[in-house]
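Values in this text are rule-based calculations from the coordinates and carry no lab data. Since this is a predicted model, take the numbers as computed values, not measurements. We place every Cβ from the backbone using ideal geometry, glycine too, and count neighbours over all the protein chains shown.
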Amino acid sequence: MRRAVALGLMASALLAGCTSSDRRKAAEALTTPAAGEVLQDALILTAVKTGLVAHDAEAATTVSVSVSRGVVTLGGVVQDAKTRETLIRVARETPHVRRVNAGGLRVGRRLRMLRRAARVRNGAGRAGVAGP
């Protein structure tokens, strides 16, 4: 019986030691440069998305944004070239952005057609009916 109790105490002491070591490692991982980079990218992502919504809320819903190591990538379809350039400028002017890749951000006729169809469905496209 004593032997079983002694073995149980030794096992729990070993497990407690492993647990505190794991906690220490986890805390150290949060202070590594990689963790700082991930946090920085998350902050940049939030700032870029906020800026896009502030400038053109409708376009911001059709644009995807991703950030990796300070490089912002924009993708999706916008209504016109002016909107595209504005969204790129907003992303470039965001603090800590190293570069903006907007190769996937296209001006699309399809988006205009979808908006027009939505207006027609809502009654704005018919004669004599006021739109929203």
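Data for the structure
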quantity	calculated
Residues whose placed amide H lies under 5 Å from that of VAL97, excluding near-sequence neighbours	none
Theoretical gain in end-to-end length, ASN101 to ALA54 [0.36 nm per residue, Cα-Cα removed]	14.9 nm
Region 38-73 residues near the modelled ASP80 label - backbone nitrogen below 13 Å, point 7 Å along Cα→Cβ	none
Label-point separation in nm, ALA42 to ARG119, each point 7 Å along Cα→Cβ	4.1 nm
Estimated FRET transfer efficiency when R0 is 25 angstrom, pair ARG92-ALA35 (beta carbons, to 0.05)	0.45
Amide H partners (placed H, <5 Å) of LEU105, local residues excluded	GLY76
